[in-house]
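Comments concern the structure below.
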Amino acid sequence: MNNHQIIAVWGSPGSGKTVTSIKLAREFASRQINVLVVLCDSVCPSIPTLLPGIHAKEQSLGRLLSLPSISQEQIFQHLVPCKAFSHLAFIGYVHGDNAFTYASYTKERALDFFTLSRHLADVVIVDCSSVLSADPLSVAALEVADQVLRMHECTLKSLSYFASHLPLLSDSRFHADRHLHLLSNVKAKQDSVQYSNVFGGIHHLLPFVSIVEQQAVSARLLDACEGKDARSYLSAIQKLAGRFMDYPSKADKEPFIQRLIQRLKGVRS
Ligand SMILES: Nc1ncnc2c1ncn2[C@@H]1O[C@H](COP(=O)(O)OP(=O)(O)O)[C@@H](O)[C@H]1O
Ligand SMILES: [Mg+2]
């Protein structure tokens, strides 16, 4: 596995960016690959929707980005560990955060954040905001990512979103031509072939699965996807994850959470 990769997940609103980020992270973590998920959405903070009960204001991504300077130790202090997977941690906006909660930050700060984060985990998955004009962190992720997963939905809204937002990524530093295209949340009656033809080339298809929908509404996305219906979805996620790692992965790495505890002990002693 090529370590310290940044994967940015970006696309139209409601296309499944968060769901896919979490399912991909789960797939890596279950193979003992240390994953950090950066949840950029500050409009609907994701930590409360994924890990309800975490109210720690002092762990907010907004707080971290607005500090006078940031270091790896400070990033560690803002991580939210995952009880179910010791190789997985999150960082994101927390309950009650809004655009005015923290001071704004610069593009340089956003780039620094990724330079430092890259070395904390084997894979950093960035769940980007769709609203690029309001989120310098997502823009920085799209610039520095080793791979961008571009999430489409089989809808006119999705086509309209890309018509508006792709011009924002026309500069060569974004390498928009190298994005990996995912058609997500595809329902039985939707014409994925026609969408692919109109847009021109979809690399992976993620079908709609009712268990995933249920997990999303009940904050259980880290649970396994079981059942016949979920098989094709799971195999699509595994295939996608497989693009970033060699099977079987080099297991027995020290879990993220252990490193986190040790680092924090070091800071406090
Ligand atoms: N593969 C899927 N199967 C079923 N429902 C899905 C799937 N992907 C996404 N969804 C549904 O779409 C909603 C929006 O997904 P989400 O990941 O939150 O979108 P985004 O982060 O792009 O705004 C989820 O709450 C879930 O109900
Ligand atoms: Mg989201």
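Bear in mind that the values in this text are calculations on the coordinates, not laboratory data. Remember, predicted model here, so these are calculated numbers, not experimental data. All Cβ positions, glycine included, derive from the backbone under ideal geometry; neighbour counts span all protein chains shown.
Numbers at a glance
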item: Among the listed pairs Lys17/Lys187; Lys17/Lys107; Lys23/Lys83; Lys107/Lys157; Lys187/Lys228; Lys157/Lys187, those beyond 18 Å (Cα-Cα); result: Lys17/Lys107; Lys107/Lys157
item: Selected from Ser42, Ala219, Tyr105, residue furthest toward positive end of dipole (the chain; charges at beta carbon); result: Ala219
item: Contour minus Cα-Cα distance for Ser66 and Arg178 (0.36 nm per residue); result: 37.2 nm
item: Whole-Å distance, taken between Cα centres, linking region 1-59 and region 83-138; result: 9 Å
item: For the chain, share of DSSP beta bridges that run antiparallel, in % to the nearest 5; result: 5 percent
item: Theoretical FRET efficiency, 1/(1+(r/R0)^6), r = Cβ-Cβ of Lys83 and Thr106, R0 51 Å, to 0.05; result: 0.90
item: Residues Arg118, Arg26, sorted so that the one with the fewest Cβ neighbours within 10 Å comes first; result: Arg118, Arg26
item: Cα-based radius of gyration of region 100-249 once divided by 2.2 N^0.38 Å, which approximates compact folds; result: 1.15
item: Region 1-107 - percent relative contact order, Cα under 8 Å, separation 6 or more; result: 32 percent
item: Inter-label distance for Ser235 and Asp223, nm, one decimal - labels placed 7 Å from Cα along Cα-to-Cβ; result: 2.4 nm
item: Relative contact order for the chain, counting Cα pairs under 8 Å that sit 6 or more residues apart, in percent; result: 29 percent
item: Label-point separation in nm, His55 to Asn98, each point 7 Å along Cα→Cβ; result: 1.9 nm
item: P(r) of the chain over all Cα-Cα pairs, binned every 10 Å from zero, in whole percent; result: 7, 31, 38, 20, 4, 0, 0
item: Within the chain: Cβ-based charge dipole about Cα centre, in debye rounded to nearest 20 (Lys, Arg +1; Asp, Glu -1); result: 400 debye
